[in-house]
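The values are calculated or read from the model by the stated rules, or taken from the named source; none is laboratory data. Owing to the predicted nature of the structure, the values given are computational and were not obtained by experimental measurement. Cβ: placed from backbone, ideal geometry, glycine included. Neighbour counts: every protein chain shown.
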Amino acid sequence: MLLFAGLALAVAVGLGTAVSPWASPHPDGLERVAEDTGFLGRATGNAIQDEAPVPGYAFPGIADERAATGVAGFAGTIGAFLMALGIGWLLRRRRGSGPQPAPPSTTSRPPGRSTRSTSQRNPPRRCESPAGAAATTASRDRSAAGSASASPSANATW
């Protein structure tokens, strides 16, 4: 799982850094509607927009616009990852502080169940070769026909 998370982060950082400089320079939907209806020029910036850490999707202080956008993509991806990691850590910690169910016992069984494994309850049957099966059949036939031997159990094969 850790390997997957590391690879996913590497791909996200790579895409955020390498692809963001080639993002479309055209306005997004809301900006386009404001431009078409004529109120784009009357819009005033909010204080949060002026004080944003990366205003206009370009990292401040970098002269090259594409490099500034790439660095902003890198910083945004790392920032989003760290926020998700922090939220996950807090939720995990919060869930861990409450009562936890006891782990299942390895010795408890439903009532009436044997403690022996299936192979111990049902041992494998012996297989005889075809010659042994024929001899057993012949021996059984002689017993049934009345051929007596010194001991009655000598002819019994089972």
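Annotations
- Filtering segment 17-29 to residues that are without any contact (Cβ under 8 Å) to a residue 24 or more places away in the chain and outside any helix (DSSP H, G or I) leaves Ser24, Pro25, His26, Pro27, Asp28.
- From the list Gly61, Gly14, the one residue that fits, being assigned to a helix (DSSP H, G or I), modelled with pLDDT of 85 or more and among the small types (Gly, Ala, Ser), is Gly14.
- The number of residues in segment 44-78 that are in contact with a Pro (Cβ under 6 Å, 6 or more places away or on another chain) and among the polar types (S, T, N, Q) comes to 1.
- Failed item, numbered, when Gly38 is tested on (1) surrounded by 10 or more Cβ atoms within 10 Å (Cβ to Cβ); (2) over 29 Å from Ala8 (Cα atoms): (1)
- From Leu91, Leu3, Leu9, Leu85, residue being surrounded by 13 or more Cβ atoms within 10 Å (Cβ to Cβ), under 21 Å from the mean Cα position of the chain (by Cα) and modelled with pLDDT of 85 or more: Leu9
For (1) touching a residue at least 12 places away in the same chain (Cβ under 8 Å); (2) assigned to a loop (DSSP other than H, G, I, E, B), each residue gets a yes or a no:
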{"site": "Glu31", "(1), (2)": "no, no"}
{"site": "Thr44", "(1), (2)": "no, yes"}
{"site": "Gly70", "(1), (2)": "yes, no"}
{"site": "Gly76", "(1), (2)": "yes, no"}
{"site": "Phe81", "(1), (2)": "yes, no"}
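- Residue list for segment 46-58, filter: charged (D, E, K, R) and either part of a helix (DSSP H, G or I) or farther than 30 Å from Leu9 by Cα (or both): Asp50
- Residue in segment 14-27 that is exposed (fewer than 10 other Cβ atoms within 10 Å of the Cβ) and either under 23 Å from the mean Cα position of the chain (by Cα) or more than 17 Å from Ala68 (Cβ to Cβ) (or both) present: yes
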